[in-house]
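**Q** Attaching a single structure in structure tokens format; questions to follow.
Please treat every number below as a calculation from the coordinates, not as lab data. All values derive from a computational prediction rather than experimental measurement. Here the Cβ is made from the backbone with ideal geometry for all residues, glycine too, and neighbour counts use every protein chain on show.
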Amino acid sequence: MNILFVGDIFGSAGRRIVREHIGHLRETHQVELTVMNAENAAGGFGLTPQIAEELFDLGADVLTMGNHVWDKKELLETMNAAAPDGHDRARRIVRPANFTPGTPGFGLYEGVTASGVAFAVLQLEGRVFMTPVDDPFRTADALVAGVKAKVIVVDFHAEATSEKVAMGWYLDGRVTAVLGTHTHIPTADERLLHQGTAYQTDVGMSGPYDSVIGVEKDLVLRKFLSGMPGKFEAAKGNPKMCATLVACDAQTGRATGIRRIALGE
């Protein structure tokens, strides 16, 4: 079974490059499960219901979010409308599971692929250099223990590489893949851990690389040089789609391969 995880989609440039490549990637690699991180898909900050629909139409089975999940307030109504046991598109938008209890939405989605393979997608947010949230390690323990599916994909949305690597080892053998998001720079450390979990510190950004992690570079340079606040805008130049392809045994959930993908215009 092949799983395609698309790294943080950033703004219109990111949506455009994903639209250009997602069809042939899914067909060429016979992808059964497609997960996209969409927390920056709307202008670089957040997600709107309309853009969520666009990404689902492109073939996403699940959309994961992150620390920008509440940047577009109109998404709140969509997430509040999702039923706990539902499988509609609203329910397939997943925010970090270790947010404060009672937060809108859900941090775990369990579903079945078109071929009948049960799967789960879990998102966690890191605590190092991030806004304080509940312990992602113990949250993972509680949720993974209750999942019946063997195929489990974890999006670990975190800043510190040490925390991401630690989570990979912590969940090794218990999940199919631990894939990092948030820092927007693809890392070259994809590998299979000892107990059969596929791991990569950061899948990278699907968006404009003539930028500073997606933002117009002149705006970021001005802030670094002057220390003055300013409004950031999503860049457009040199878009690339970064994704990770994970192969696994559908019966055991054990990963058998992992490969980085980076495609330009």
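**Q** May I ask you to evaluate 6.51 cos²θ - 1.76 cosθ + 1.60, the Karplus curve with θ = phi - 60°, for each residue of segment 113-126 and list the ³J(HN,Hα) values in order in whole Hz, giving x for glycine and proline?
**A** The phi angles translate into 6, 4, 8, x, 8, 6, 8, 9, 10, 10, 10, 10, 10, x Hz.
**Q** Now a separate question. Going by C-beta contacts inside 10 Å, put MET65, MET130 in order with the fewest on the left.
**A** Working: MET65 28, MET130 18.
Going from sparsest to densest Cβ surroundings: MET130, MET65.
**Q** Something else about it: Hey, what angle do you get for helix 136-145 against the long axis of the chain, alpha-carbon based, 0 to 90 degrees rounded to 10?
**A** 30 degrees
**Q** Which trypsin sites (Lys or Arg not before Pro) from segment 93-188 combine a DSSP loop assignment with at most 12 other Cβ atoms within 10 Å? Don't skip to the end; give the middle numbers.
**A** Values: sites: ARG127, ARG138, LYS148, LYS150, LYS164, ARG174; in loops: ARG127, LYS148, LYS150, ARG174.
Of the trypsin sites (Lys or Arg not before Pro), the ones in loops of segment 93-188 whose Cβ has at most 12 other Cβ atoms within 10 Å are LYS148.
**Q** Determine the relative contact order of the chain: mean sequence separation of Cα pairs under 8 Å and six or more apart, normalised by residue count, in whole percent. Don't skip to the end; give the middle numbers.
**A** Details: 676 pairs, mean separation 53.1, N = 265.
The normalised contact order for the chain reaches 20 percent.
**Q** Here's something else I'd like to know. How long is the gain from THR28 to THR161 if the chain were fully straight, where each residue apart is worth 0.36 nm and the alpha carbon distance is subtracted? Display every interim value, and only then the final one.
**A** On the way: separation 133, 0.36 × 133 = 47.88 nm, distance 3.14 nm.
Extending this stretch completely gives an extra 44.7 nm.
**Q** Shifting gears a bit: State whether segment 60-146 is rounded, prolate or oblate according to the following rule on the C-alpha gyration tensor (a ≥ b ≥ c being the square roots of its eigenvalues): a/c under 1.5 gives rounded; otherwise a/b larger than b/c gives prolate, and the remaining case gives oblate.
**A** Details: a/c = 1.98, a/b = 1.22, b/c = 1.62.
Since a/c reaches 1.5 but b/c is at least a/b, the shape of segment 60-146 is classed as oblate.
**Q** Based on Cβ point charges of +1 for Lys and Arg and -1 for Asp and Glu, what charge dipole magnitude is obtained for segment 5-151 about its Cα centre, in debye rounded to the nearest 20?
**A** Values: 14 positive and 19 negative charges, 21 e Å.
Dipole about the Cα centre, nearest 20: 100 debye.
**Q** OK, next. If amide hydrogens are placed 1.01 Å from N in the peptide plane, which non-local residues have theirs closer than 5 Å to the one on LYS72?
**A** Excluding prolines and chain starts, which carry no amide H, the hits are LEU47.
**Q** By how many degrees, between 0 and 90 and to the nearest 10, does the Cα long axis of helix 161-171 differ from the longest principal axis of the chain?
**A** Helix 161-171 sits roughly 10 degrees off the main axis of the chain.
**Q** A further question on this structure: Sum up the lysine pairs in the chain that clear both bars: alpha-carbon distance under 30 Å and a spacing of 8 or more or different chains.
**A** Number of lysine pairs found: 26.
**Q** For a quick check, take a GNM of the chain with Cα springs below 10 Å and name the residue from ASP210, ASP202, ASP85 with the largest mean-square fluctuation.
**A** Judging by the Gaussian network model, the answer is ASP85.
**Q** For the chain, build the convex hull from the C-alpha positions and give me its volume per residue in Å³. Walk me through the numbers on the way to the answer.
**A** Numbers: hull volume 31.2 nm³, N = 265.
Enclosed volume per residue, from the Cα hull, is 118 Å³.
**Q** Angle check, please: helix 11-28 long axis (alpha carbons) against the longest principal axis of the chain (alpha carbons), in degrees 0 to 90, nearest 10.
**A** Tilt relative to the chain: about 30 degrees.
**Q** Test of the criteria: in segment 55-96, which trypsin sites (Lys or Arg not before Pro) are in a DSSP loop and have at most 13 other Cβ atoms within 10 angstrom of their Cβ?
**A** Working: sites: LYS72, LYS73, ARG89, ARG91, ARG92; in loops: LYS72, LYS73, ARG89.
Of the trypsin sites (Lys or Arg not before Pro), the ones in loops of segment 55-96 whose Cβ has at most 13 other Cβ atoms within 10 Å are LYS73.
**Q** Considering the chain as a Gaussian network with a 10 Å cut-off on Cα pairs, which listed residue, PRO104, PRO84, PRO208, attains the greatest mean-square fluctuation?
**A** With Cα springs under 10 Å in the chain, the top fluctuation among PRO104, PRO84, PRO208 is at PRO84.
**Q** Mind listing which trypsin sites (Lys or Arg not before Pro) in segment 208-265 are in a DSSP loop and have 11 or fewer other Cβ atoms within 10 Å? Don't skip to the answer; put the middle values down first.
**A** Values: sites: LYS217, ARG222, LYS223, LYS231, LYS236, LYS240, ARG254, ARG259, ARG260; in loops: LYS231, LYS236, ARG254.
Qualifying residues, ordered by number: LYS231.
**Q** GNM, the chain, Cα, under 10 Å: largest mean-square fluctuation among GLY214, GLY111, GLY11?
**A** Of the options given, GLY111 has the highest mean-square fluctuation.
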